[in-house]
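The values are calculated or read from the model by the stated rules, or taken from the named source; none is laboratory data. Every value quoted in this text rests on a predicted model; they were computed, and no experiment measured them. We place every Cβ from the backbone using ideal geometry, glycine too, and count neighbours over all the protein chains shown. Note: areas computed on protein heavy atoms with side chains; ligands, DNA, RNA excluded. Shrake-Rupley method; radii C 1.70, N 1.55, O 1.52, S 1.80 Å.
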Amino acid sequence: MRDWIGTLGWELRLASRSLTRRPGFLAVTVLTLALAIGANTAVFSALRSVVLRPLTVPGADRLVMIRQDAPALPLLGAQLSVPEVLDLAAERSLFEGVAGWIGRSFNLTGVGDPDRILGVATVGPFFEVFQVTPVLGRLYRPEDSQGGNVQVAVLSHSFWRTAFGGDQSVIGRSIQLNELAFEIIGVLPENLTYPRTGQVFVPYQIQERDRQPQGRGVWAVTAIGRLRSDVDPASLPARLADISGQWHQRYGGYDPATGHQLTGQSFSRWLAGELRGFLVVLQAAVVFLLLIACANVGNLQLVRATERERELAVRAALGAGRWSIVRQLVLESGLIALGGGALGIALAAGAVALLRQLEIPELRALATLRVDRAVLAYSGLVTLAATALFGLLPAWRTGRPDLNGLIREGTRGSVGGRFRLLRAGVVAQVALSCVLVLGAGALVRSLGRLLAIDPGFETDHVTSFRVSLPTAAYPEAAQRIAAFDALAERLGGLPGVISLGYISDIPFGTGRNSSPFRIIGRPESAGGPQLHADMRFVHAGYFETMGIPLLSGRRFEPGDGAEAGDGVVPVVIERRLAEEFFPGEDPIGQRINQGPDGIIVGVV
């Protein structure tokens, strides 16, 4: 054993000296492999975090996302109401537990400088559904939502680290959320990263309106259920259809004409969303990239071998066996792959850290990327595969030198075979490159089409931010209006600000406010579904600031926020709604109701 280890150490030193004699060759091959291995590592990290294991809680495969569809409205993948979540939680024959959450934003004070943080108000046994235990303190109970004013908070692990420095004496401390005192009672484990924006978790306080029939129409809760172990996931659609039917019979307010139906989807698949297909395709692409890199390095190895044929022939003539020569060449390939793998992992770690720092709101799944042990194991396998792909064939071919031909006649003895291998490598490179180029071309073409779509507003030189006024400090609507008007006046006086406006939810944001409306004076169709539309509350300067063209009528004007004497508020509608519900007629002056009565003053 000792002799074998000594021989291996000697051969490693020999391989290292052989490679360092050609620093240019070494740098090119290592960098080529590093880029390919780094790309594979980074993409696999994303694939694992988003698709394969988006959440590392116990029994994650039994978690389902529960949504509801009303195709005739059209509403697909809508959230649930608080009473609906509580009803599903009672379905013990189907679920071990059902819980929900509603996004909240808080102005945090009492911990360093005032800050705006994102919170989660949970409904039902949220922590039990995910089967997590706190790393500090305790978790609040579902009954804390049933009544009273239980103002307790549980911190996410990352927020505990960043805001409190991981201080273990944080339990029992008080923090101010929207100027209300909350007692910190626990800290969540690191493996619960859902919802990804959640920094502070508080119990949702169930109100009396949530228990009323009309409360079933407020679809604002994201619901997650844990299936019982004896329930086949394939039976979930039929079981949810049965529950939908029971609701239609038991409660009023469900319009059969809308096609209302509960739906369920694997939690991990839902969490991956649109990134799932993209990452699978991207992983295939970087595997092709690795094959091209190996073909490149293999060809470079063959070219370099032509310069070493006489050296290897002399070694063979002096008694070196074929396996000794092959082993020497494989060790050189292994050192190249090792260097490329180490540099590739470093590049991947840097790329992953950069993606996490970007905090792209539309791609929050990327916030959990990390290069962990599984990703490192994958990188090790990729490095071994690269060694085999670019190292074994050249080593096997070069390890059979034609002693007589090479020593007596130069390098003519094996040049034909070497060229055949080089040609085969070039063919493989071209074929793989064509696949990548065609795929990249299709991707660029699709991206170009997406970028060419007119969203209906201008994005250049426009910035946005969120402002939340705490109800405790601004309990009256008039106070909140005055605060926003004062803010708008101060911002409008800043140098470089041409115009400004505000809106309840920005375009393409996560917020929705879809609710039924009716056209006053027009009879409703018997048996037909209610009309539905998304609604936003906007400031008078919003359309101008966003560059949204006015098609007819007028935009909002200062003072429009107050109701007119007859209780009618001005309304601006978008073109698609005008074309669908007022075909061939002028919608200006028409009255609609989506809460208060409104009169249409403009089309944008």
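Just name the residue that is surrounded by the fewest Cβ atoms within 10 Å (Cβ to Cβ) out of those in segment 461-484 that are without any contact (Cβ under 8 Å) to a residue 60 or more places away in the chain and over 21 Å from GLU179 (Cβ atoms). I'd like the intermediate steps shown before the answer.
Let us first name the residues in segment 461-484 that are without any contact (Cβ under 8 Å) to a residue 60 or more places away in the chain, namely 461, 463-465, 467, 469, 474-480, 482-484.
Narrowing further to those that are over 21 Å from GLU179 (Cβ atoms): 461, 463-464.
Working: HIS461: 8, THR463: 6, SER464: 11.
Step by step, filter segment 461-484, then rank; the result is THR463.
Does segment 512-525 contain any residue that is over 19 Å from ASN593 (Cα atoms) and out of contact with any strand residue (DSSP E or B) (no Cβ under 8 Å at 6 or more places or on another chain)?
No, that holds for no residue.
What are the residues in segment 44-85 that are farther than 30 Å from ALA351 by Cβ, open to solvent by 10 Å² or more (accessible area, probe 1.4 Å) and in a loop (DSSP other than H, G, I, E, B), if any?
Within segment 44-85, PRO58, GLY59, PRO71, ALA72, LEU73, PRO74, GLN79 qualify.
Check segment 97-108 and report whether any residue there is buried (at least 18 other Cβ atoms within 10 Å of the Cβ), closer than 22 Å to ILE243 by Cβ and modelled with pLDDT under 90.
Looking for residues that are buried (at least 18 other Cβ atoms within 10 Å of the Cβ), closer than 22 Å to ILE243 by Cβ and modelled with pLDDT under 90, one finds none in segment 97-108, hence no.
Test VAL129 against the criterion of being in contact (Cβ under 8 Å) with a residue 60 or more places away in the chain and out of contact with any Lys or Arg (no Cβ under 9 Å at 6 or more places or on another chain), and give yes or no.
So VAL129 fails the test.
How many residues does segment 569-604 contain that are open to solvent by 50 Å² or more (accessible area, probe 1.4 Å), of a type in the set (Val, Ile, Thr) and in a strand (DSSP E or B)?
1
Give me the pairs: first residue in segment 44-67 and more than 26 Å from ALA78 (Cα to Cα), second residue charged (D, E, K, R) and in a loop (DSSP other than H, G, I, E, B), beta-carbon distance under 6 Å, and six or more apart or on different chains, which are they?
That search, which allows pairs on different chains as well, returns nothing.
Residues are listed down the side, and each one gets a yes or a no for (1) out of contact with any Ser or Thr (no Cβ under 8 Å at 6 or more places or on another chain); (2) at pLDDT below 65; (3) under 17 Å from GLY380 (Cβ atoms); (4) exposed (fewer than 14 other Cβ atoms within 10 Å of the Cβ):
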| site | (1), (2), (3), (4) |
| --- | --- |
| ARG322 | yes, yes, no, yes |
| SER333 | no, no, yes, no |
| ALA337 | no, no, yes, no |
| LEU358 | yes, yes, no, yes |
| ALA365 | no, yes, no, no |
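Among (1) open to solvent by less than 70 Å² (accessible area, probe 1.4 Å); (2) within 18 Å of ILE548 (Cβ to Cβ), there is one condition ASP454 misses while meeting the rest; what is its number?
Here ASP454 clears every test but (1).
Select from segment 272-292 the residues that are under 14 Å from ALA42 (Cα atoms) and either of a type in the set (Ser, Thr, Tyr) or open to solvent by less than 40 Å² (accessible area, probe 1.4 Å) (or both) and list them in ascending order.
Once the filter is applied, which keeps residues that are under 14 Å from ALA42 (Cα atoms) and either of a type in the set (Ser, Thr, Tyr) or open to solvent by less than 40 Å² (accessible area, probe 1.4 Å) (or both), segment 272-292 yields LEU279, GLN283, ALA285, VAL286, LEU290.
Here is a check on your reading of the model: is VAL129 at pLDDT 90 or above, assigned to a helix (DSSP H, G or I) and buried (at least 18 other Cβ atoms within 10 Å of the Cβ)?
yes
Please go through (1) over 14 Å from TYR194 (Cα atoms); (2) hydroxyl-bearing (Ser, Thr, Tyr); (3) part of a strand (DSSP E or B) for THR41 and return the number of the only condition it doesn't satisfy.
(3)
Somewhere in segment 9-28, is a residue at pLDDT 80 or above and either out of contact with any Lys or Arg (no Cβ under 7 Å at 6 or more places or on another chain) or open to solvent by less than 40 Å² (accessible area, probe 1.4 Å) (or both)?
Among the residues of segment 9-28, at least one is at pLDDT 80 or above and either out of contact with any Lys or Arg (no Cβ under 7 Å at 6 or more places or on another chain) or open to solvent by less than 40 Å² (accessible area, probe 1.4 Å) (or both), which makes the answer yes.
Given (1) open to solvent by 10 Å² or more (accessible area, probe 1.4 Å); (2) farther than 30 Å from LEU531 by Cβ; (3) touching a strand residue (DSSP E or B) at 6+ places or on another chain (Cβ under 8 Å), identify the lone condition not met by GLY112.
Condition not satisfied by GLY112: (3).
Would you pick out the residues in segment 540-549 that are in contact (Cβ under 8 Å) with a residue 40 or more places away in the chain, in a loop (DSSP other than H, G, I, E, B) and open to solvent by less than 40 Å² (accessible area, probe 1.4 Å)?
As a first pass, look at segment 540-549 and keep what is in contact (Cβ under 8 Å) with a residue 40 or more places away in the chain: 541-549.
After this cut, where a residue has to be in a loop (DSSP other than H, G, I, E, B) as well, the list is 541, 547-549.
Hits for segment 540-549 are GLY541, GLY547, ILE548.
Please go through segment 232-267 and pick out each residue that is within 29 Å of the chain's Cα centre (by Cα) and hydrophobic (A, V, I, L, M, F, W, C).
Listed by number, the residues that qualify are ALA234, LEU236, LEU240, LEU262, PHE267.
Return the pair list, or none, for Cβ contacts closer than 6 Å from residues in segment 572-584 that are more than 27 Å from GLY541 (Cβ to Cβ) and aromatic (Phe, Trp, Tyr) to residues that are open to solvent by less than 30 Å² (accessible area, probe 1.4 Å) and outside any helix (DSSP H, G or I), at least 6 apart or on different chains.
Going by the 6 Å Cβ cut-off, there are no qualifying pairs.
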